[in-house]
């Protein structure tokens with residue numbers, strides 16, 4: 001898990017000796033911070049640039065500017081941008097980290113804090129909020145610019161908006177607890193990045209296990225424990241989500257997209273797409289065109 005010695009101001013963190021239980025973070029991409037990881041704090045992410053794949057517990061889905069997610073303690077997560085320019089982007093995430101204990105302890109003597117507890121419980125699955133991008137970023141800047149009691153007041157305004165928001169969805173189907181071992185976190189991060197960056201290539205658990213110096217059985221258990229998915233299911237989800245992006249943003253033939261994302265036959269691609277999206281690739285494209293008024297170019 002992350003530790004204070006990894007939270008250098010050079011990466012965008014506020015210095016530890018200058019903050020209380022609320023910490024702001026602003027970073028771009030690529031960055032050492034963008035990896036499969038977890039930590040003891042809650043973490044609110046607001047994406048301001050780029051699009052790509054988000055991984056929150058056992059959930060895999062797309063993100064784009066305006067994406068707002070609250071992750072609970074020890075819930076593994078990562079955001080991987082897929083449309084960055086060669087020089088990268090200077091600003092991508094506005095983040096707030098905070099601890100559980102101060103809020104829970106305060107709720108025992110200050111009844112108003114109790115309004116936040118259901119939100120914190122839901123956050124253990126990861127929550128995506130809709131319609132809060134602009135106000136959330138305004139709140140973030142108020143928190144960032146404030147100190148002491150004013151920072152707490154600005155933070156509570158943001159948390160109250162999140163607690164009262166009714167347009168949200170839970171992400172991870174289980175309350176995953178990330179591994180505590182730093183070496184294992186590094187290993188799963190390597191695997192996840194390799195899948196994301198090489199999805200068009202043949203990828204097997206046996207091959208990955210051999211590269212990681214594990215037996216296939218041990219690797220499969222390790223991967224399932226870390227991500228909530230079997231290796232094959234995880235790879236299929238990454239590939240299908242990439243296919244969705246291509247179906248919405250290009251006029252490539254479905255057959256070409258099938259092979260571009262790593263499936264070796266169209267029948268299997270259609271079957272997996274239907275399982276995960278409840279529709280065929282062709283129908284998905286038509287629905288996207290109807291919703292967005294034509295595919296973006």
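Coordinate-derived values only; no laboratory data. What you are looking at is a predicted structure, and each value in this text was computed from that prediction instead of being measured. All Cβ positions, even for glycine, are placed from backbone atoms using ideal geometry, and neighbour counts span all protein chains on display.
Expressed in nm to one decimal, what extension gain is obtained for the pair residue 145 and residue 16 from 0.36 nm per residue of sequence separation less their Cα-Cα distance? Let's see the in-between values first.
Numbers: separation 129, 0.36 × 129 = 46.44 nm, distance 1.59 nm.
Length gained between residue 145 and residue 16: 44.8 nm.
Among 264, 17, 193, which one shows the biggest mean-square fluctuation in a GNM of the chain, springs joining Cα atoms closer than 10 Å?
Of 264, 17, 193, the most mobile in the Gaussian network model is 17.
Once you put a point 7 Å from the Cα of residue 167 and another 7 Å from the Cα of residue 267, both along the Cβ direction, what distance in nm separates them?
Those two pseudo-labels are separated by 4.4 nm.
From Cα pairs below 8 angstrom and at least 6 apart in sequence, can you work out the relative contact order of the chain, rounded to a whole percent? Write down the numbers at each step before the final one.
Values: 483 pairs, mean separation 48.6, N = 297.
Worked out over the chain, it gives 16 percent.
Give me the percent relative contact order of region 102-246, please, defined on Cα pairs under 8 angstrom at least 6 residues apart. The partial results should precede the final answer.
Values: 97 pairs, mean separation 28.0, N = 145.
This gives 19 percent for region 102-246.
Among 95, 19, 191, which one shows the biggest mean-square fluctuation in a GNM of the chain, springs joining Cα atoms closer than 10 Å?
Looking only at 95, 19, 191, the biggest GNM fluctuation is shown by 19.
Please give, to one decimal in nm, the separation of the simple spin-label points placed at residue 198 and residue 232, each 7 Å out from Cα toward the Cβ.
Placing both labels 7 Å beyond Cα along the Cβ direction yields 2.0 nm.
Arranged by the count of other C-beta atoms within 10 angstrom, fewest first, what order do 164, 225 take? Working shown, then result.
Working: 164 9, 225 14.
Ascending number of Cβ neighbours within 10 Å: 164, 225.
Where does the chain land at 222 nm, in deg cm²/dmol rounded to the nearest 500, when only DSSP H runs of n ≥ 4 count, each adding -39500 (n - 2.57), divided by all residues?
On the way: 11 runs with 128 residues, N = 297.
Estimated from H runs of four or more residues: -13500 deg cm²/dmol.
Cα axis of helix 231-249 to longest principal axis of the chain: angle in degrees, 0 to 90, nearest 10?
Roughly 90 degrees, rounded to the nearest 10.
I'd like the orientation of helix 148-164 relative to the chain: the angle between its Cα long axis and the longest Cα principal axis, in ° from 0 to 90, rounded to 10.
Computed tilt is about 50 degrees.
Can you give the angle from 0 to 90° between the axis of helix 216-227 and the longest principal axis of the chain, with both taken from C-alpha atoms, to the nearest 10?
Around 40 degrees separate the two axes.
For the chain, with a Gaussian network of springs between Cα atoms less than 10 Å apart, report the residue from 60, 190, 127 with the top mean-square fluctuation.
Among 60, 190, 127, the largest mean-square fluctuation in the Gaussian network model of the chain belongs to 190.
From Cα pairs below 8 angstrom and at least 6 apart in sequence, can you work out the relative contact order of region 1-159, rounded to a whole percent?
Reported relative contact order: 25 percent.
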